[in-house]
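Trainee: Mind having a look at this structure? Questions to follow.
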Amino acid sequence: MAHVPLQDLHAAADARQSGSEPLACFEDALAEALVKWFKPNFFKWVDPIKCPVCSQPMENKGHVSPTPEERAGGGHRVELYECETGDGGTSRFPRYNDLRVLMKSRVGRCGEFANVFTLMLRAVGLRARYVWNAEDHVWFYYSPGLGRWVHLDSCENARDEHMLYDRGWGKKMSYVLAFSTDGVRDVSRAYIQDWDGALQRRTRIPEAELTRALEAVTARRRFGRAPDELARLEAEDVAEAEWLRTAAAQSNAENLEGRQSGTTEWIEQRGEDGGSS
Ligand SMILES: [Zn+2]
């Protein structure tokens, strides 16, 4: 992980903790320093794709098959772009999953950001979760000395703003699942204020069946762990269940903004500008 300026991040976290408004613990400050550094300095958001000839934003022409080289890098889906001005400019955007490729290319949208940022969190010594949302934005948590998992979004430079998508963007979400080596948890309730409304959208699987499936995955991942570790994880589960029950209602959502990543047109198309459309 030679790319990560660990010393600078630690120095920034130390400065935060010895300043006038320290966070709850050093891990919090380190995560904050990492999320502030990541997008401006390391990973580039690629939208829109610009024409290599005239530099104008290009039109997305849909998906094409990857070349052998793209496939070797794990790019199974390739977006094709063409310039509308007729200058012949085209570009391909392979959506890579392979972390080694992403660490070199350092470009992507939400999916790539999430993959690489989860790796970064683990690289600086924080516990990370990969969070999947059925409506396609993905983000992540880390575990601080706060005694709970905290929301962190490297696309939006946001920390501990779990109502950002529901209240800030006006996004209608259904399922939000958090994955880690310790199992998978349904954390949807922390992200959705109108839970009755969410239940109407949660039609993919009966609720009891989903609960059983997640418990089965978690049990498999924890199989063979030491008793004291299992006890610690179960205590975390109980504390999280309690937090999930009240998190959405307690969130201070007054200062949340519309989506920051992507162009204005793209955000409006997706209805994520915070408007009521
Ligand atoms: Zn062009």
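Trainee: Give me D for segment 47-107 in µm² s⁻¹, whole number, from Stokes-Einstein with Rh from the Kirkwood sum over alpha-carbon pairs, 37 °C and 0.692 mPa s.
Mentor: Translational diffusion coefficient: 271 µm²/s.
Trainee: Can I ask one more? Keeping all protein chains in the complex and leaving out DNA, RNA and ligands, what accessible area do you get for residue 189 with a 1.4 Å probe, in Å² to the nearest 10?
Mentor: 100 Å²
Trainee: Got a sec to turn the phi values of segment 198-214 into Karplus ³J(HN,Hα) couplings, 6.51 cos²θ - 1.76 cosθ + 1.60 with θ = phi - 60°, whole Hz, x for Gly and Pro?
Mentor: 5, 4, 5, 8, 8, 10, 6, 7, x, 4, 5, 5, 4, 4, 4, 5, 5
Trainee: Keeping all protein chains in the complex and leaving out DNA, RNA and ligands, what accessible area do you get for residue 175 with a 1.4 Å probe, in Å² to the nearest 10?
Mentor: Looks like 10 Å² after rounding.
Trainee: From the phi angles alone, apply the Karplus equation (6.51, -1.76, 1.60; θ = phi - 60°) to segment 118-128 and give each ³J(HN,Hα) in whole Hz, x where the residue is Gly or Pro.
Mentor: 4, 4, 4, 4, 5, 5, 8, x, 9, 7, 10
Trainee: Related question: With θ set to phi - 60° and the Karplus curve 6.51 cos²θ - 1.76 cosθ + 1.60, what are the ³J(HN,Hα) couplings of segment 38-54 in order, to the nearest whole Hz, using x for Gly and Pro?
Mentor: Here the 3J(HN,Hα) series is 4, 6, x, 10, 10, 10, 9, 7, 9, 7, x, 7, 9, 5, x, 8, 10 Hz.
Trainee: Also, I was wondering about something else. Report the full-extension gain for the segment residue 238 to residue 46: residue separation times 0.36 nm, less the Cα-Cα distance, to one decimal in nm.
Mentor: Details: separation 192, 0.36 × 192 = 69.12 nm, distance 3.96 nm.
Gain in length upon complete extension: 65.2 nm.
Trainee: Follow-up question, since we're still on this one. Over the chain, with the other protein chains present, what is the accessible area per residue in square angstrom, probe 1.4 angstrom?
Mentor: Using a 1.4 Å probe on heavy atoms only, each residue of the chain averages 52 Å².
Trainee: For the chain, modelled as a GNM with alpha-carbon contacts under 10 angstrom, which of 60, 157, 133 fluctuates the most?
Mentor: Among 60, 157, 133, the largest mean-square fluctuation in the Gaussian network model of the chain belongs to 60.
Trainee: A further question on this structure: State the percentage of accessible surface on the chain attributable to carbon and sulfur atoms; use a 1.4 Å probe and exclude ligands, DNA and RNA.
Mentor: Numbers: 7010 of 14350 Å².
Here carbon and sulfur together make up 49 percent of the probe-accessible area.
Trainee: Further, regarding this structure: First obtain the Kirkwood hydrodynamic radius of the chain from its Cα pairs, then insert it into the Stokes-Einstein equation at 25 °C and 0.890 mPa s, and state the resulting D in µm² per second as a whole number. All intermediate terms of the calculation are to be shown ahead of the outcome.
Mentor: On the way: Rh = 20.5 Å.
The diffusion coefficient I find is 120 µm²/s.
The values are calculated or read from the model by the stated rules, or taken from the named source; none is laboratory data. Just so we're clear, the structure is a prediction, and the values are computed from it rather than from any experiment. To get the accessible areas, we keep the full protein, side chains included, count just its heavy atoms, and leave off ligands, DNA and RNA. Shrake-Rupley method; radii C 1.70, N 1.55, O 1.52, S 1.80 Å.
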